[in-house]
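**Student:** Take this structure first; my questions come after.
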């Protein structure tokens with residue numbers, strides 16, 4: 001794990017007048033020190049401590065050789081040991097991820113950290129994670145390559161009479177068989193009128209001629225996610241289906257052209273939204289245009305009406321407008337892109353031409 005990440009966190013903590021932080025979120029723990037087991041970590045001005053139990057001690061040593069391991073025993077609060085370590089280091093304030101810790105754990109923590117001031121750092125690590133380094137981008141690129149391969153494969157599998165669940169299972173099997181360690185999120189397969197459900201879980205519904213088929217899925221490679229969506233048609237689509245597809249594609253491509261360093265997430269969202277609204281489908285695009293992707297499938301920054309974050313080189317984001325018409329169906333097209341100095345690098349290679357199976 002890169003030491004730069006820890007230094008960035010320490011610098012952010014100094015701005016908050018804190019000289020240590022307790023990190024609970026598993027994704028943030030992995031990002032900062034490479035450890036993937038249970039427990040939590042303490043970052044001080046010059047050390048990293050991993051607090052865990054017997055089951056994970058050996059794993060912690062292997063995954064994070066530069067960290068000090070503090071083993072807690074059953075029946076003793078790990079926060080009691082945390083208090084001891086803080087006091088041994090003459091540390092009398094620490095930050096916590098208040099957006100992650102449960103109320104019960106916070107009360108236990110407060111009780112054990114008597115005499116130690118507790119500050120809030122929620123979201124600090126996530127802000128650092130927004131800008132990906134070369135290794136992270138390569139992992140995401142590989143994850144997306146597997147997803148693109150899976151899309152090409154599944155097109156030959158989709159036919160009338162097959163169920164949404166069967167498509168999802170086949171897609172997931174291919175992804176895992178071809179180098180992914182798992183899925184980025186549960187696969188979405190929504191067909192026919194069910195394509196109006198943005199997060200339609202696969203059902204036993206059998207596909208029939210004339211259906212929209214929306215596929216939203218992703219692979220995970222070395223802890224990093226990919227994310228893509230394509231909507232295809234089973235048999236010749238009708239005029240309204242073609243119209244919706246054309247609008248969504250235009251909205252997506254105009255947003256991709258607009259992205260560059262310095263623009264705000266909400267302004268990219270507006271590019272797509274204006275096109276969809278001008279065609280009379282504003283109420284049918286009810287979610288944000290996109291989001292950051294990395295160790296988690298949903299990360300900062302947001303591409304939505306609330307997206308105040310300025311886009312910067314190294315951010316990896318989705319661009320995924322959609323139109324969803326109840327009792328009729330819907331279309332979503334999603335690419336995964338890296339923000340570059342010049343604009344974007346699109347990691348999604350699958351065709352966006354209207355595909356008829």
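The values are calculated or read from the model by the stated rules, or taken from the named source; none is laboratory data. Bear in mind the structure is a predicted one, so any value in this text is a computation, not a measurement. No Cβ is skipped: glycine too gets one built from the backbone with ideal geometry, and neighbour counts run over all protein chains shown.
**Student:** Identify, by number, the condition in (1) touching a strand residue (DSSP E or B) at 6+ places or on another chain (Cβ under 8 Å); (2) assigned by TED's automatic domain parsing to the domain that holds residue 230; (3) under 30 Å from residue 157 (Cβ atoms) that residue 328 doesn't meet.
**Tutor:** The one condition residue 328 does not meet is (1).
**Student:** Can you pull out the residues in the stretch 88-131 that are in a helix (DSSP H, G or I), farther than 22 Å from residue 68 by Cα and out of contact with any helix residue (DSSP H, G or I) (no Cβ under 9 Å at 6 or more places or on another chain)?
**Tutor:** Correct list: 103, 104, 106, 107.
**Student:** So, in the stretch 113-148, exactly how many residues are surrounded by fewer than 18 Cβ atoms within 10 Å (Cβ to Cβ) and over 19 Å from residue 317 (Cβ atoms)?
**Tutor:** The qualifying residues number 8.
**Student:** Please give the number of the condition residue 207 fails out of (1) loosely packed, with under 15 Cβ neighbours inside 10 Å; (2) more than 29 Å from residue 304 (Cβ to Cβ).
**Tutor:** So residue 207 meets the others, but not (1).
**Student:** Residues that are touching a residue at least 24 places away in the same chain (Cβ under 8 Å), within 30 Å of residue 161 (Cβ to Cβ) and touching a helix residue (DSSP H, G or I) at 6+ places or on another chain (Cβ under 6 Å): find the strands (runs of 3 or more DSSP E) completely inside the stretch 240-357 holding 2 or more of those.
**Tutor:** Hits in the stretch 240-357: 322-325, 329-332.
**Student:** Filter the stretch 24-47 for residues that are buried (at least 19 other Cβ atoms within 10 Å of the Cβ) and touching a strand residue (DSSP E or B) at 6+ places or on another chain (Cβ under 7 Å) and give the result.
**Tutor:** If the condition is that a residue be buried (at least 19 other Cβ atoms within 10 Å of the Cβ) and touching a strand residue (DSSP E or B) at 6+ places or on another chain (Cβ under 7 Å), then 29, 32, 33, 35, 39, 40, 41, 42, 43 are the ones that fit.
**Student:** Does residue 15 meet the test of being surrounded by fewer than 14 Cβ atoms within 10 Å (Cβ to Cβ), closer than 30 Å to residue 297 by Cβ and out of contact with any helix residue (DSSP H, G or I) (no Cβ under 8 Å at 6 or more places or on another chain)?
**Tutor:** Judged against the criteria, residue 15 is a match.
**Student:** Among the residues of the stretch 219-236, is any without any contact (Cβ under 8 Å) to a residue 60 or more places away in the chain and loosely packed, with under 15 Cβ neighbours inside 10 Å?
**Tutor:** The answer is no, given that none of the residues of the stretch 219-236 is without any contact (Cβ under 8 Å) to a residue 60 or more places away in the chain and loosely packed, with under 15 Cβ neighbours inside 10 Å.
**Student:** Which residues, taken from the stretch 101-149, are more than 19 Å from the chain's Cα centre (by Cα) and outside the structural domain of residue 23 (by TED's automatic domain parsing)?
**Tutor:** To start, the set of residues in the stretch 101-149 that are more than 19 Å from the chain's Cα centre (by Cα) comprises 101-121, 149.
149, the sole residue that qualifies.
**Student:** Just checking, which of 210, 192 is in contact (Cβ under 8 Å) with a residue 60 or more places away in the chain and in the same structural domain as residue 317 (by TED's automatic domain parsing)?
**Tutor:** Result of the check over 210, 192: 192.
**Student:** For residues that are surrounded by 15 or more Cβ atoms within 10 Å (Cβ to Cβ) and closer than 24 Å to residue 323 by Cβ, tally how many sit in the stretch 156-201.
**Tutor:** Count: 20.
**Student:** So, in the stretch 90-104, how many residues would count as being without any contact (Cβ under 8 Å) to a residue 40 or more places away in the chain and either touching a strand residue (DSSP E or B) at 6+ places or on another chain (Cβ under 7 Å) or over 27 Å from residue 316 (Cβ atoms) (or both)?
**Tutor:** Total meeting the criteria: 6.
**Student:** State the number of residues belonging to the stretch 289-306 that are in contact with a strand residue (DSSP E or B) (Cβ under 6 Å, 6 or more places away or on another chain) and more than 16 Å from residue 129 (Cα to Cα).
**Tutor:** The number of residues fulfilling the criteria is 3.
**Student:** Within the stretch 48-87, can you find the residues that are buried (at least 17 other Cβ atoms within 10 Å of the Cβ) and part of a loop (DSSP other than H, G, I, E, B)?
**Tutor:** Within the stretch 48-87, 64, 67, 72 meet the criteria.
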